[in-house]
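Input: a single structure, listed below in C-alpha cells.
The values are calculated or read from the model by the stated rules, or taken from the named source; none is laboratory data. Everything numeric in this text was worked out from a predicted model, so none of it was measured. Using ideal geometry, Cβ is built from the backbone for each residue, glycine included, and neighbour counts are taken over all protein chains shown. Note: accessible area is taken over every heavy atom of the protein model, side chains too, but ligands, DNA and RNA are not part of it. Shrake-Rupley method; radii C 1.70, N 1.55, O 1.52, S 1.80 Å.
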Amino acid sequence: MSNRPLSDRPLTGRRRVALALSALLGSTALVAVPMSAPAAAAGGIAVQYRTSASGATADQSEPWFKVRNTGSASVQLSQVKVRYYFKADSASATYRFACSWAVKGCANVTGTFGALAHPTATADTYLEIGFTSGAGTLAPGTDTGDMQLRFYQSSWQPVNQADDYSFGGAQTSYADWNKVTAQLAGTTVWGTAPEGNDPTDPTGPTDPTDPPGGGQALFDDFSYTSSSDPAISAHGWNVRSNSGGPGVPGATWDPSKVTFPTVSGNKVMDLETSTAGTAESTRQTEVVSKSMKFKNGTYAARVKFADAPKSGPDGDHLVQTFFTINDLTAPMADDYAEYDFEYLPNGGWGETGDILYTTSWETYNPDPWQAVNQHTESRQSYAGWHDLILTIDSGSIKYFIDGQLFGTHDAQYLPERPMSINFNQWLIDLAGQTSTGARAYDEQVDYVLHVKDQVLTPAQVASKVAAYRSAGTAFVDEVPAP
C-alpha cells in the first residue's frame with residue numbers, strides 16, 4: 001500500500017508501516033444539528049445507567065444510558081435532556097463528548113458541557129445529553145435502547161472519576177440511576193441534582209443556551225468552463241502546474257488536462273492523466289483548495305473511478321484520489337495530517353490488481369523513511385461512480401463508500417491543524433507496461449461538500465446536496481478562514 005503521503009510519494013522503496021485498524025461500530029457524532037420540535041406530550045421519564053470504564057481513573061469516562069418512557073403518552077425525544085454531573089479535574093480542564101454507538105443513531109444524540117451555578121465537592125460541571133428531532137418519539141413503555149457515550153479531557157490526560165457525583169463504578173449493568181437528572185419539556189422529571197443545582201432553577205446562569213457550533217459549508221458543483229475560468233480561482237481552487245511529486249519524476253502537472261464536460265446533463269470535473277511511456281510524455285492532474293481551513297466535520301465527494309483508459313493500451317500503475325492534507329513542518333512533526341481515498345485500478349506498490357485504500361496519517365519522516373499511519377483496504381474493482389464520505393470528530397475518523405462504513409481509524413490520527421481539500425490523478429511509475437503507445441485515463445468528480453464541525457450521515461449528505469441543486473446553487477463557501 002501507499003505509506004508515503006501524497007505530497008511525498010517516491011518512485012520506489014515503499015515500506016508498510018500501517019498500524020492495525022480499530023473498528024468501532026456505528027457512527028460518532030461531534031455535534032448534531034438542532035431542529036425544532038413540537039411540545040412534548042405529558043409523560044414520565046426514567047433513566048438507566050451503566051459504565052464501561054469502571055476504574056477510579058480512566059482514559060475517558062463512559063456513561064452509557066437508556067431513557068425510558070414511563071408515562072401514558074408518547075414523548076418527543078427532542079424535548080428530553082439528561083445531565084451527568086462530575087467534578088472537573090482542574091480549573092483549566094476542557095472536555096470533549098463523543099458517541100460510540102446508539103440505537104437511535106449517534107447523529108441524533110448531542111452532548112454539551114456546562115458549569116454548575118453552585119459547585120459542590122463532587123460536581124462543578126455537567127454533561128447534558130439531548131436529541132435532535134431525528135431521534136423520533138418514545139411510545140409508552142419503550143426506551144431508546146443503548147446509548148454508548150463517552151467524554152474525555154481535550155489534553156487526553158486521565159480523568160479522575162472517584163469524586164464524580166454521577167459516577168457509579170460498580171454499575172456495570174443497566175439499572176435505574178437517580179444521580180443523573182432528566183428534563184421533559186423543561187421540567188425535571190427524574191433524578192436528583194447536586195445540592196442547589198436543579199436544572200430548572202431559573203437563576204442558574206450557566207445552563208447551556210448557545211446552539212452547537214459549526215455547520216458552515218463548502219459546496220461546489222464544478223460548473224466551470226475550463227481550467228482557465230477565473231471563477232475557479234475566485235472560488236478558492238488552484239489547478240496545479242508546478243513540478244514535483246507525487247508520481248513519475250519529471251512528469252508535468254498540466255492544467256489543460258482538467259476540463260469540465262457535461263455528462264448526462266450535469267457538469268463534472270474531469271482530471272485526465274496521459275503518457276506514452278516516458279517521463280517527458282507523462283501529464284498528471286491535480287486540483288487543490290488554496291486555503292488550509294478545513295478540519296473536523298464531514299467531507300464528501302461523488303467520484304468516478306476508471307479501471308481502463310479512455311484510449312490506448314491499459315496497465316499503468318495509476319492512482320485516483322480524493323483527500324485532505326496539510327504541510328509537514330518538520331520530520332515527524334505531530335501536527336501533520338492527511339486523510340486519503342486512493343484507488344489503484346491496475347495495482348502498484350506491490351499489489352497486482354484493483355485495490356482501494358483509505359489512509360489516516362499522523363506523521364512521517366521522508367529521510368530516512370518512517371511513517372505513522374493507519375489504513376483500510378479492499379481488493380476489488382471500484383470502476384464507476386461512488387459516493388465517498390470522510391467524517392472527523394473528536395473521537396475518530398470514519399470512511400464511507402456508497403453509504404456503507406468502510407473503515408474507522410483511531411483518535412491518535414485526528415488532525416491538529418486545518419487542511420486543504422484535493423483531487424489528483426497520477427502515475428506511480430512507468431513499470432506497469434512497456435508500451436510506448438499513447439494512452440489516457442480519466443477521473444471525474446461530480447461535486448465536493450464540506451460541513452464544518454458537524455458529522456453527517458450519508459443520507460444527510462445526499463439530502464444536503466439535493467437541496468443545493470434544487471435551489472440552483474452551484475457554489476457556496478461559508479467556511480471561515482482559520
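Against the definition (open to solvent by less than 10 Å² (accessible area, probe 1.4 Å), touching a strand residue (DSSP E or B) at 6+ places or on another chain (Cβ under 6 Å) and assigned to a loop (DSSP other than H, G, I, E, B)), how does residue 123 come out, yes or no?
On the way: open to solvent by less than 10 Å² (accessible area, probe 1.4 Å): yes; touching a strand residue (DSSP E or B) at 6+ places or on another chain (Cβ under 6 Å): yes; assigned to a loop (DSSP other than H, G, I, E, B): yes.
So residue 123 fits the description; yes.
For segment 50-68, enumerate the residues that are at pLDDT below 95, in a strand (DSSP E or B) and more than 15 Å from residue 158 (Cβ to Cβ).
none
Could you please find all residues in segment 163-198 being within 13 Å of residue 65 (Cα to Cα) and assigned to a loop (DSSP other than H, G, I, E, B)?
166, 167, 168, 171, 172, 173, 174, 177, 178, 179
Among the residues of segment 86-121, count how many are closer than 14 Å to residue 159 by Cβ and touching a residue at least 40 places away in the same chain (Cβ under 8 Å).
Of the residues in segment 86-121, 10 are closer than 14 Å to residue 159 by Cβ and touching a residue at least 40 places away in the same chain (Cβ under 8 Å).
Give me a count of the residues in segment 193-231 that are modelled with pLDDT of 90 or more, more than 21 Å from residue 463 (Cβ to Cβ) and not acidic (Asp, Glu). Spell out how you get there, then give the answer.
Of all residues in segment 193-231, those modelled with pLDDT of 90 or more come to 193-194, 216-231.
When the remaining residues are screened for being more than 21 Å from residue 463 (Cβ to Cβ), the result is 193-194, 224-231.
Imposing the further condition that a residue be not acidic (Asp, Glu) reduces the set to 193-194, 224-228, 230-231.
Number satisfying all stated conditions: 9.
Against the condition of a type in the set (Gly, Ala, Ser) and open to solvent by less than 10 Å² (accessible area, probe 1.4 Å), how does residue 381 come out, does it pass?
Considered against the rule, which asks whether it is of a type in the set (Gly, Ala, Ser) and open to solvent by less than 10 Å² (accessible area, probe 1.4 Å), residue 381 comes out as no.
Restricting attention to segment 260-310, and to residues there that are among the aliphatic types (A, V, I, L, M) and in contact with an Asp or Glu (Cβ under 6 Å, 6 or more places away or on another chain), which single residue is farthest from residue 248 (Cα to Cα)?
The extreme case among them is 268.
Among the residues of segment 97-120, write down those that are part of a strand (DSSP E or B), open to solvent by 50 Å² or more (accessible area, probe 1.4 Å) and modelled with pLDDT of 90 or more.
Scanning segment 97-120 gives a single hit, 101.
Scan segment 75-85 and tell me whether some residue there is open to solvent by 30 Å² or more (accessible area, probe 1.4 Å) and assigned to a loop (DSSP other than H, G, I, E, B).
no
With respect to the numbered conditions (1) closer than 16 Å to residue 476 by Cα; (2) assigned to a strand (DSSP E or B), which one is the sole condition not fulfilled by residue 286?
(1)
Condition (residue is surrounded by fewer than 19 Cβ atoms within 10 Å (Cβ to Cβ), over 24 Å from residue 253 (Cβ atoms) and among the hydroxyl-bearing types (Ser, Thr, Tyr)) applied to segment 448-465: is it met by at least one residue?
yes
Can you pull out every residue in segment 233-247 that is farther than 30 Å from residue 430 by Cβ and either surrounded by 12 or more Cβ atoms within 10 Å (Cβ to Cβ) or modelled with pLDDT under 95 (or both)?
Of segment 233-247, the ones farther than 30 Å from residue 430 by Cβ are 233-236.
Within segment 233-247, 233, 235, 236 qualify.
When the residues of segment 307-324 are filtered to those that are open to solvent by less than 20 Å² (accessible area, probe 1.4 Å) and hydrophobic (A, V, I, L, M, F, W, C), which remaining residue is farthest from residue 433 (Cα to Cα)?
Checking each candidate, the answer is 323.
Take the conditions of a type in the set (D, E, K, R), under 30 Å from the mean Cα position of the chain (by Cα) and at pLDDT below 95 and apply them to residue 128. Does it pass? Please lay out each step first, then the result.
Working: of a type in the set (D, E, K, R): yes; under 30 Å from the mean Cα position of the chain (by Cα): yes; at pLDDT below 95: yes.
When the stated conditions are applied, residue 128 passes them.
Just checking: which of the strands (runs of 3 or more DSSP E) contained wholly in segment 382-482 hold 2 or more residues that are within 17 Å of residue 321 (Cβ to Cβ)?
Where strands (runs of 3 or more DSSP E) fall fully within segment 382-482 and carry at least 2 residues being within 17 Å of residue 321 (Cβ to Cβ), they are 384-392, 397-401, 404-409, 420-427, 439-452.
Which is over 28 Å from residue 453 (Cα atoms) and β-branched (Val, Ile, Thr), of 325, 355?
Only one candidate passes the filter, namely 355.
When segment 278-290 is examined, which residues are found to be open to solvent by 10 Å² or more (accessible area, probe 1.4 Å), touching a Lys or Arg at 6+ places or on another chain (Cβ under 8 Å) and of a type in the set (Val, Ile, Thr)?
288
Name, by its number, the condition in (1) within 15 Å of the chain's Cα centre (by Cα); (2) at pLDDT below 95 that does not hold for residue 335.
(1)
Go through segment 134-162 and give me each residue that's polar (S, T, N, Q) and in a strand (DSSP E or B).
137, 148, 153, 160
Tally time: how many residues in segment 291-306 are more than 15 Å from residue 450 (Cβ to Cβ) and open to solvent by 50 Å² or more (accessible area, probe 1.4 Å)?
Going through segment 291-306 one residue at a time, the tally reaches 1.
Name the pairs: first residue in segment 330-353 and under 15 Å from residue 429 (Cβ atoms) and open to solvent by 10 Å² or more (accessible area, probe 1.4 Å), second residue assigned to a loop (DSSP other than H, G, I, E, B) and among the hydrophobic types (A, V, I, L, M, F, W, C), Cβ to Cβ under 7 Å, at least 6 apart or on different chains?
Short answer, once both residue conditions are applied: 349/1; 349/428.
With respect to residue 357, is the statement that it is open to solvent by less than 20 Å² (accessible area, probe 1.4 Å), in contact (Cβ under 8 Å) with a residue 40 or more places away in the chain and of a type outside the set (S, T, N, Q) true? Explain how you work it out, then say what you get.
Working: open to solvent by less than 20 Å² (accessible area, probe 1.4 Å): yes; in contact (Cβ under 8 Å) with a residue 40 or more places away in the chain: yes; of a type outside the set (S, T, N, Q): yes.
In short, yes.
Do we have residue 436 as more than 28 Å from residue 268 (Cβ to Cβ), β-branched (Val, Ile, Thr) and open to solvent by 20 Å² or more (accessible area, probe 1.4 Å) here?
So residue 436 passes the test.
Just checking, how many residues over segment 130-162 are closer than 15 Å to residue 395 by Cβ and open to solvent by less than 10 Å² (accessible area, probe 1.4 Å)?
5
Select from segment 248-272 the residues that are at pLDDT below 95 and at positive phi and write down the one among them that is least open to solvent (accessible area, probe 1.4 Å).
The extreme case among them is 265.
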